[in-house]
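Read the structure below first, then the notes.
The values are calculated or read from the model by the stated rules, or taken from the named source; none is laboratory data. Quick caveat: nothing in here was measured; it's all calculated off a predicted structure. Ideal geometry is used to build each Cβ from the backbone, glycine not excepted, and the neighbour counts take in all protein chains shown.
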Amino acid sequence: MGRRSSRDDYKFLQIVDARAALNQKVNLIGVVIETGLPKQSKGTDCFCTIKIIDESYPSPGISVNFFAATMDKLPQVLTFGDIIQLSQVVMKTHGPEIYALFNKKFSSFAIFDRKDNSSFLPYQCSLKYHAREQDKKFILGLMKWLDDHQIDTGLTDLHSLKEIREGEHFNLICKILHICEVEKDKWMLLVWDGTDTPPVTIKTKLEEELENPLPLQSVNSPLPRDILCTLPPLGTVLRVTIDRCNEKLGVNFLKSNRWLKLINIRCELHTALWHVVLMPFTKLSYLSDEDDIVLQRMRDHDERRKSKWGWMPLSCFPWPSDITETDFPNVPFVSLMRVLVNPKLFSGLEMRII
């Protein structure tokens, strides 16, 4: 193939046309609807995948595979729906799938906030990226399309923590509260959505429990008190770990205090404690605090918090077992977490905890 003209080098293709340009270098601009966790490849590079759409191909989108020397040079998309500009990516096939390949030697990318239509400055870009004045009209056009278009991710089974089941693979909407390194190069996330995980049946004999009591937490060292006090007092704070066969995921590149979709994760029980496991094929999408799903989750939580019975575990409804009845029916319910982080607030007060 001969040298392409400079004009062709700057031509953007729509995704539907790029899919027909196999083994050719193309320029794309699209909306990010999904990202994979960065990971170490089998060689020396780091790797991640994102999925993008545009007006010509709004569903299911096309994957873009990125390779870079270090994880911090991979794209780090801040929010579902942000816009990415790709230059000189190669269209490839793997079985029936058509995807775009980002080559660190000659490809470039830039990521833009979908809501910033004034500066047109990327919040992240690769070293080979060169901004051009004529790019702005393409970015603005995609922003306008987004304003009038409901993104279809194809995900209808979005669970909350109250719906999880052992051994199931599922998709979860949650907020990352904290990220910590529990052992060298082993990371754990604490996530929350305002609901409670289902109760667990403890299958052990009392005699065994006396000799080998079940742990109250899944890690050897407890969270520092300053971290514990930042956790929500209502709703389960769930541990998210990494599949044991996939410990090269760049979990430390995730962002705390952000809502997101975790796509295709697995639920497990470890010594009667719920865990969510990130798999090699787990994907994610960061959500804006103004996203409809996030706003609904927060409304549900606020209504529960203000309710007279909201501080009881959700599994207790319509009412807990008679064994929990007390002589003080008018004493308010509180959560154990609320008491632990505010002991002085409840000193000398009567309360009920289930």
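The sole residue among LEU262, LEU231 that is surrounded by 14 or more Cβ atoms within 10 Å (Cβ to Cβ), modelled with pLDDT of 75 or more and not in a strand (DSSP E or B) is LEU231.
Screening PHE112, PHE106, PHE120 for residues that are of a type in the set (Phe, Trp, Tyr) and closer than 25 Å to LYS261 by Cβ leaves exactly one candidate, PHE112. Six or more apart or on different chains, Cβ atoms under 7 Å: show the pairs whose first residue is in segment 60-78 and within 19 Å of GLY43 (Cβ to Cβ) and whose second is of a type in the set (Asp, Glu). Here the result reads PHE67/ASP45; ALA68/ASP45; ALA69/ASP45, each pair linking segment 60-78 to a residue that is of a type in the set (Asp, Glu).
Selection within segment 161-193: residues that are among the charged types (D, E, K, R) and either at pLDDT 95 or above or in a loop (DSSP other than H, G, I, E, B) (or both). The member of this set that is surrounded by the most Cβ atoms within 10 Å (Cβ to Cβ) is ASP193. In segment 13-38, of all residues being assigned to a helix (DSSP H, G or I) and hydrophobic (A, V, I, L, M, F, W, C), the one that is surrounded by the most Cβ atoms within 10 Å (Cβ to Cβ) corresponds to ALA18. If only residues of segment 64-118 that are of a type in the set (Ser, Thr, Tyr) and surrounded by 18 or more Cβ atoms within 10 Å (Cβ to Cβ) are counted, the one that is nearest to TYR129 (Cα to Cα) is SER108. Assessment of segment 79-95 against the conditions (free of Cβ contacts under 8 Å to residues at least 24 places away in the same chain and farther than 30 Å from ILE293 by Cα) yields at least one matching residue. Number of residues in segment 100-151 that are among the acidic types (Asp, Glu), part of a loop (DSSP other than H, G, I, E, B) and closer than 16 Å to ILE83 by Cα equals 3. Would you confirm, using the coordinates I've provided, whether TRP309 is part of a loop (DSSP other than H, G, I, E, B), in contact with a helix residue (DSSP H, G or I) (Cβ under 9 Å, 6 or more places away or on another chain) and modelled with pLDDT of 75 or more? Yes: the conditions hold for TRP309. Being among the polar types (S, T, N, Q) and in a strand (DSSP E or B) is the filter; apply it to segment 39-63 and report the residue that is farthest from ASP135 (Cα to Cα). Restricting to residues being among the polar types (S, T, N, Q) and in a strand (DSSP E or B), the top hit is GLN40. Every listed requirement among (1) modelled with pLDDT of 95 or more; (2) closer than 19 Å to GLN124 by Cα is met by GLY36 save one, (1).
Filtering segment 265-285 to residues that are surrounded by fewer than 21 Cβ atoms within 10 Å (Cβ to Cβ) and not in a strand (DSSP E or B) leaves THR271, ALA272, MET279, PRO280, PHE281. Looking at (1) in contact (Cβ under 8 Å) with a residue 12 or more places away in the chain; (2) part of a loop (DSSP other than H, G, I, E, B), can you tell me which one PRO213 breaks? The one condition PRO213 does not meet is (1). Against the criterion of being aromatic (Phe, Trp, Tyr) and under 30 Å from GLN24 (Cβ atoms), PHE120 qualifies.
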